[in-house]
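To start, the structure under review is shown below, and the notes come after it.
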Amino acid sequence: MIVLGVESSCDETGVGLVSDGVLLGDALASSMDAHARFGGVVPEVAARAHLESMVPVLHEALDKASLGLGDVDAVAVTAGPGLSTAVQVGLASAKALAFALGKPLYGVHHLAGHAAVDVLEHGPLPPRCVALVVSGGHTSLLLLGDLGKDPIVHLGDTIDDAAGEAFDKVARVLGLGYPGGPVVDRVARDGDPHAIAFPRALSRPSDPAYGFSFSGVKTAVARWVEARVDAGGEVPVADVAAGFQEAVADVLTRKALAACREHRVDTLLLVGGVAANSRVRALAEERCAAAGVELRVPPVRLCTDNGAMIAAVGDLLVRAGAPASGLDLGADPSAPLTGALLAGPWT
């Protein structure tokens, strides 16, 4: 069975083809440059870019896999969450493909795709694991079983900014441009992560064990920089970036390892765009090694949104015998996370 996956939840247009846990080919187009002057993603700009990129990306993915549309057995698509207009472009495209080919359509949850993509690099997931999903729009701790058929247990989420969003805002404060994640990571390598102590929110015993909050640390950075400028001093950009990054990495990895201990699992899955951050990866490796927990992280290119991850979760659903979603499936920009399949028995 060859599953074609379509992703369009934000500013990347992705198509991937997967069969039995093997990535056959994929392609990706980004509208990031079009959003840079706005300092963030503009939904209508993203939707128009998806419209322009969808067909070329589809053909490129098929060419890389040496396949034709007639070889496709099922179509999977992000049906939520995400930017409403952006999700709708991908969903409409996937419906058209499924209808024209006479193949089943599977609407999947975006975060389940992030978790499933590691299968393409490291093989099947263990029967139980904890997943830390960290991106520009999401920061979540999940307890996973069989992604193809088991419910997903949502352990915790951010109550305000996602970690990736905080990186973008801190980069703006420091004048580093957009997107913030890669540039903050790069600049922080020349800084001292202990020179400035930024706060770790929701770290008290009375706070939610698996809740996250990054609005406070973002504001703390802005106030520190403002005070330094008002005092006539030079802002040590590298030290500020390193201190902020250390605060985020500390909270993320500490809570993820606590979840592993409490739920007695020995595998941590680190996924999402922020999983590409070098300090988050290094601290996760260090703490997992000390705790005897296996750390699984996809390759950097599969951490950000892509079509391969949607094809991967679609492949798991097909092999698990999950029912197709149907062509009447609607986009759900704020889809709750209860399972990989949307509009199915596990949602």
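A few remarks follow.
- Taking Cα centre as origin and charging only the Cβ of basic (Lys, Arg, +1) and acidic (Asp, Glu, -1) residues, the dipole magnitude of the stretch 210-341 rounds to 260 debye.
- With every protein chain in place, the stretch 11-121: carbon and sulfur % of accessible area (1.4 Å): 54 percent
- With the helix formula -39500 (n - 2.57) applied to DSSP H stretches of n ≥ 4, the chain reaches a computed 222 nm mean residue ellipticity of -13500 deg cm²/dmol.
- Between the stretch 96-138 and the stretch 163-178, the Cα center-to-center distance that results, in Å: 28 Å
- Between the alpha-carbon centres of the stretch 31-88 and the stretch 194-232 there is a gap of 35 Å.
- The magnitude of the dipole of the stretch 9-50, with charges of +1 and -1 set on the Cβ of Lys/Arg and Asp/Glu and taken from the Cα centre, is near 180 debye.
- Neighbourhood net charge (15 Å Cβ-Cβ; Lys/Arg +1, Asp/Glu -1) for R264: -1
- Student exercise, the stretch 204-267 dipole from Lys, Arg, Asp, Glu Cβ charges, in Debye to nearest 20: 300 debye
- Note on the chain: dipole from Cβ charges, positive end direction compared against V170, W224, L67; the farthest Cα belongs to W224.
- Rolling a 1.4 Å probe over the protein heavy atoms of the stretch 184-238, with every protein chain left in place, gives an accessible area that is 51 percent carbon and sulfur.
- The label-point distance for F99 and H59, in a model that sets each label 7 Å from Cα toward Cβ, rounds to 2.3 nm.
- With both residues required to sit in the chain, DSSP beta bridges show an antiparallel share near 60%.
- Full extension of the chain between A282 and S334 gives 15.5 nm of extra length, using 0.36 nm per residue less the Cα-Cα distance.
- For the stretch 8-79: accessible area per residue (Å², 1.4 Å): 43 Å²
- Here L69 and V235 are evaluated by their C-beta separation; at R0 = 51 Å the FRET efficiency comes out at 0.45.
- Highest GNM mean-square fluctuation among S66, S140, S203, for the chain modelled with Cα contacts below 10 Å: S66.
- Rolling a 1.4 Å probe over the protein heavy atoms gives the stretch 176-329 an accessible area of 43 Å² per residue.
The values are calculated or read from the model by the stated rules, or taken from the named source; none is laboratory data. If you're wondering where the values come from, they're calculated on a predicted model, not measured in any experiment. Every residue, glycine as well, gets a Cβ built from its backbone with ideal geometry; the counts of neighbours run over all protein chains shown. Side chains included, ligands, DNA and RNA excluded: accessible areas come from the protein's heavy atoms. Shrake-Rupley method; radii C 1.70, N 1.55, O 1.52, S 1.80 Å.
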